[in-house]
Amino acid sequence: MPIPFARPRPVTESRADAARLQLPSRMRRNRKSEWSRQLVRENTLTVADLIWPIFVMDGSENRTQVGSMPGVERLTVDEAVREAERAAGLGIPALALFPYTDPALRTADGREALNRDNLVCRALRAIKDAVPHIGLITDVALDPYTSHGHDGLLSEDGRILNDETVAVLVEQALVQADAGADVIAPSDMMDGRVGAIRAAMDDAGHLDPQILAYSAKYASAFYGPFRDAVGSSGCLKGDKRSYQMDPANGAEAIREAALDVEEGADMLMVKPGLPYLDIIWRLKEAFGLPTFAYQVSGEYAMIEAAARNGWLDGERAMMESLMAFKRAGADGILTYFAPRVAEKLVREG
Ligand code: PBG
């Protein structure tokens, strides 16, 4: 149908009439007032969409600021329990735990990852004990435990060894499952780890823990503040481009995810978040599995830094960024904003 523009008017008509366009549709009608905007809104963000990543450290009754993530703190296990109680009270379904491992315990082989009494295991047990109904997600990767800051084992000539690493990751996953992890989230990007972890968990009788595969994890500059938070930035030698994905690639993410699905993943993750909304959309379309976005530390830091400088409205930017994930098809979002968003959503009903 041709769109008729202004029709000729007799000179007696007012200017408003004269300028009137004959439009078959006026998109602004549905936007004219708040009630109407609410009625036509396509996506919603709720507390049930949030996963809160927290950093745990040794000690008791203590918190330290993460310098590059204003508003985010590392918590001793007892403080983490307190925050888990707060999260449960707000209705946040799950937490993701990351350890700041004592530098003295970091070794080339990352063996602290297999210590049944390491920080993550202690946090798992303490939180499960106090807040049994909150979901606990643990990261499978060696970087918080290695002296070189890589997610895997290094060969003498500095390569990341795939199959040798997978054998250790399997042990790490079993240690976490034994300590009560509900969801095992391999973030290491080694080939074959999802299948190996699934098989070992089945053999060990761990039929319940879900596997949340970081299927499309990119070699990203946006992880910088996280490495500060877990204390691996200082020691990281080189970069992670031989295992994490090239930011230029999209189709490759589909292959990565297809393998994880075949190997037994229950849920998929895309990481970072906002720069990779197209990947979230593609994975959700292709597989239909629960698909999560990780709004990573650098994304958080950018919004927070700009907000603290008065350069943008931080609260609106936070909400807009999270809604974008829902629009892209994400089922949930790992975000450091989780408690703030939850408080806002609960407050505003
Ligand atoms: C480590 C891991 C990283 C993040 C989550 N798990 C960092 C990395 O791969 O270097 C990043 C999270 C963030 O930036 O918020 N396997």
I need the helices (runs of 4 or more DSSP H) fully contained in the range 107-219, keeping only those with at least 2 residues that are within 13 Å of the ligand (Cβ to nearest atom). 162-178
ARG327 meets each of (1) within 18 Å of ALA87 (Cα to Cα); (2) touching a residue at least 60 places away in the same chain (Cβ under 8 Å) with one exception, condition (1)
Is one or more of the residues making up the range 223-235 part of a strand (DSSP E or B), among the aromatic types (Phe, Trp, Tyr) and near the ligand (Cβ under 10 Å from one of its atoms)? no
Run down GLU85, GLU61 and say which single residue is exposed (fewer than 10 other Cβ atoms within 10 Å of the Cβ) and at pLDDT 95 or above. GLU61
Are there strands (runs of 3 or more DSSP E) fully within the range 241-349 with at least 3 residues that are within 16 Å of the ligand (Cβ to nearest atom) and closer than 29 Å to GLN38 by Cβ? List them. 291-295, 332-335
Scan the range 222-234 and give yes if some residue there is open to solvent by 50 Å² or more (accessible area, probe 1.4 Å), within 27 Å of VAL72 (Cα to Cα) and modelled with pLDDT of 95 or more, otherwise no. yes
Scan the range 96-118 and tell me whether some residue there is at pLDDT 95 or above, open to solvent by 50 Å² or more (accessible area, probe 1.4 Å) and within 19 Å of ARG340 (Cβ to Cβ). no
Flagged in the range 302-346 as farther than 19 Å from GLU73 by Cβ, buried (at least 21 other Cβ atoms within 10 Å of the Cβ) and out of contact with any strand residue (DSSP E or B) (no Cβ under 7 Å at 6 or more places or on another chain), in numbering order, are ALA328
Is the range 244-252 home to any residue that is out of contact with any Phe, Trp or Tyr (no Cβ under 8 Å at 6 or more places or on another chain), open to solvent by less than 20 Å² (accessible area, probe 1.4 Å) and closer than 23 Å to ALA324 by Cα? yes
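The values are calculated or read from the model by the stated rules, or taken from the named source; none is laboratory data. Predicted model only: the values in this text are computed from it and were never measured. Note that each Cβ is placed from the backbone with ideal geometry, even for glycine, and that neighbours are counted across all protein chains shown. Surface areas here come from the heavy atoms of the whole protein model, side chains and all, with no ligands, DNA or RNA. Shrake-Rupley method; radii C 1.70, N 1.55, O 1.52, S 1.80 Å.
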